[in-house]
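**Q** One structure coming up, written as structure tokens, with questions to follow.
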Amino acid sequence: MAEKKTTEVVLPVLEGEEPWTAEEVKEQREELVEELARLEKRIEESEAELAALLSGGNDGAGRDPADVGSSNFERDQEMSLAHNVREMADQLRLALTLFDNGEYGYCEVCGNPIGKGRLQVFPRATLCVTCKQREERR
Ligand SMILES: [Zn+2]
């Protein structure tokens, strides 16, 4: 991805919040990029792990059924983890796209600012607290 100038990006804040400094904006984007890199690494690792689990070990015959059960459990765990990590990576990619389009920091649903405090804790947030809570209640 080409290096973008982030100094011109203006991120919105909620009432009562301090405006973002150029430095903070830069850090925020770096945070997104780094987090995405971390997740992509985890996706790779978990794919390797899954491949190993799916190949079912080396001793096909004479396996204890309890072992099979626990490895199925392990595989399901691994799959749901992989799924979650993938979703987080997708969210981060979306956040980065929004960032470069100058739309980062606004709620996807209501269009209000998400808030600086929230974004610094959850850089990949694309919903404001209110819309997020509404979504979780669904
Ligand atoms: Zn909202």
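The values are calculated or read from the model by the stated rules, or taken from the named source; none is laboratory data. Everything numeric here is computed off the predicted structure, so don't read it as measured data. Please note: Cβ atoms are built from the backbone with ideal geometry, for glycine as well, and neighbour counts cover all protein chains shown.
**Q** For the stretch 56-87, name all the residues that are under 22 Å from R42 (Cα atoms) and at pLDDT below 85. Don't jump to the end; show me each part of the working.
**A** Here is the first cut: in the stretch 56-87, the ones under 22 Å from R42 (Cα atoms) are 56-57, 71-87.
Residues satisfying the conditions are G56, G57, S71, N72.
**Q** When only residues in the stretch 83-125 that are of a type in the set (K, R) and closer than 30 Å to E49 by Cβ count, which is surrounded by the most Cβ atoms within 10 Å (Cβ to Cβ)?
**A** First, pick out the residues of the stretch 83-125 that are of a type in the set (K, R): 86, 93, 116, 118, 124.
Among the residues that remain, those that are also closer than 30 Å to E49 by Cβ are: 86, 93, 124.
Details: R86: 15, R93: 15, R124: 19.
Result: R124.
**Q** Related question: Inspect all residues belonging to the stretch 80-90 and state whether any of them is more than 15 Å from the ligand (Cβ to nearest atom), out of contact with any Leu (no Cβ under 9 Å at 6 or more places or on another chain) and of a type in the set (S, T, Y). If you could, list the steps in order and put the result at the bottom.
**A** First, pick out the residues of the stretch 80-90 that are more than 15 Å from the ligand (Cβ to nearest atom): 80-90.
After this cut, where a residue has to be out of contact with any Leu (no Cβ under 9 Å at 6 or more places or on another chain) as well, the list is 80-81, 83-84, 87, 90.
Among the residues that remain, those that are also of a type in the set (S, T, Y) are: 80.
For the stretch 80-90, residues more than 15 Å from the ligand (Cβ to nearest atom), out of contact with any Leu (no Cβ under 9 Å at 6 or more places or on another chain) and of a type in the set (S, T, Y): present.
**Q** Among the residues of the stretch 104-117, count how many are under 21 Å from E18 (Cβ atoms) and either free of Cβ contacts under 8 Å to residues at least 12 places away in the same chain or more than 8 Å from the ligand (Cβ to nearest atom) (or both).
**A** At the first step, the residues of the stretch 104-117 found to be under 21 Å from E18 (Cβ atoms) are 104-107, 112-117.
So of that shortlist, the ones also either free of Cβ contacts under 8 Å to residues at least 12 places away in the same chain or more than 8 Å from the ligand (Cβ to nearest atom) (or both) come out as 104-106, 113, 115-117.
Counting residues in the stretch 104-117 that are under 21 Å from E18 (Cβ atoms) and either free of Cβ contacts under 8 Å to residues at least 12 places away in the same chain or more than 8 Å from the ligand (Cβ to nearest atom) (or both) gives 7.
**Q** On to the next question. Yes or no: L92 in a helix (DSSP H, G or I), more than 15 Å from V25 (Cβ to Cβ) and touching a residue at least 24 places away in the same chain (Cβ under 8 Å)?
**A** yes
**Q** I'd like to check something: does the stretch 49-61 contain any residue that is in a loop (DSSP other than H, G, I, E, B), without any contact (Cβ under 8 Å) to a residue 12 or more places away in the chain and either within 16 Å of the ligand (Cβ to nearest atom) or in contact with a strand residue (DSSP E or B) (Cβ under 7 Å, 6 or more places away or on another chain) (or both)? Steps first, answer last, please.
**A** Going through the stretch 49-61, the residues in a loop (DSSP other than H, G, I, E, B) turn out to be 55-61.
Still in the running and without any contact (Cβ under 8 Å) to a residue 12 or more places away in the chain: 55, 58-61.
Going one step further and asking which of them are either within 16 Å of the ligand (Cβ to nearest atom) or in contact with a strand residue (DSSP E or B) (Cβ under 7 Å, 6 or more places away or on another chain) (or both), we end up with none.
No.
**Q** Can I ask one more? Does G69 count as away from the ligand (no atom under 16 Å from the Cβ), in a loop (DSSP other than H, G, I, E, B) and exposed (fewer than 15 other Cβ atoms within 10 Å of the Cβ)? Full working, then the answer.
**A** Values: away from the ligand (no atom under 16 Å from the Cβ): yes; in a loop (DSSP other than H, G, I, E, B): no; exposed (fewer than 15 other Cβ atoms within 10 Å of the Cβ): yes.
Taking the combined requirement at face value, the residue does not satisfy it.
**Q** Of everything in the stretch 118-138, what is more than 14 Å from L92 (Cα to Cα), more than 10 Å from the ligand (Cβ to nearest atom) and not in a loop (DSSP other than H, G, I, E, B)? Give them in sequence order.
**A** Step one: filter the stretch 118-138 for residues more than 14 Å from L92 (Cα to Cα), giving 118, 128-138.
Right, trim to more than 10 Å from the ligand (Cβ to nearest atom) and you get 118, 136-138.
Result: R118, E136, R137.
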